[in-house]
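Taking it in order: structure first as structure tokens, then the write-up.
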Amino acid sequence: MAQLTGETLRRYKLRVNFVGVDAYDTEENVTPYRKLIYLAYATQHVGDVRRGIETMFEKLYPEDGGRSVVRLRDSHMCDVSDDFLVSEVFDDSPEVFAAMDGLRTQTVDDGR
């Protein structure tokens, strides 16, 4: 039987921002389509979290149809491999960008 440790039980409160797959630059002032909170365990793989976020999106926003989360990105908008653990990627910042098919990137005019 596997032994449970503090790290195994640690949960991350991830702030998920849904953006289009073409949104990459945080300097563009990208406006998320929707936002939600997702709780993930430190030892979960990012791929499992991605699928869980997709399921939660479908439950919370059924009117948006069956859009798929193509990949997750960290707070610097870097693509994250499904094979990484949550604790390896989201320790510095709980901000997550969920790149979805069918969303166009919306930007905010910063007045410059």
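The values are calculated or read from the model by the stated rules, or taken from the named source; none is laboratory data. Since the model is a prediction, treat every value here as computed from it, not as a measurement. Positions of Cβ are generated from backbone atoms using ideal geometry, with glycine treated the same way; all protein chains shown enter the neighbour counts. In case anyone asks, the SASA skips ligands and DNA or RNA and just uses the protein heavy atoms, side chains included. Shrake-Rupley method; radii C 1.70, N 1.55, O 1.52, S 1.80 Å.
Things worth noting here:
Conditions (1) assigned to a loop (DSSP other than H, G, I, E, B); (2) touching a residue at least 60 places away in the same chain (Cβ under 8 Å), marked per residue:
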| site | (1), (2) |
| --- | --- |
| Glu58 | no, no |
| Gly66 | yes, no |
| Arg71 | no, no |
| Ser87 | no, yes |
| Asp92 | yes, no |
| Phe97 | no, yes |
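- Filtered residues of region 53-74 (kept if open to solvent by less than 30 Å² (accessible area, probe 1.4 Å), β-branched (Val, Ile, Thr) and more than 17 Å from Arg11 (Cβ to Cβ)): Val69
- Against the criterion of being at pLDDT 85 or above, basic (Lys, Arg) and surrounded by fewer than 18 Cβ atoms within 10 Å (Cβ to Cβ), Arg50 does not qualify.
- The number of residues in region 75-85 being open to solvent by 60 Å² or more (accessible area, probe 1.4 Å) and assigned to a strand (DSSP E or B) comes to 1.
- Candidate set: region 20-41, residues that are among the hydrophobic types (A, V, I, L, M, F, W, C) and modelled with pLDDT under 95; chosen: the one most open to solvent (accessible area, probe 1.4 Å): Val21
- Summed over region 6-19, the residues that are at pLDDT 80 or above and either surrounded by 18 or more Cβ atoms within 10 Å (Cβ to Cβ) or part of a helix (DSSP H, G or I) (or both) give a count of 7.
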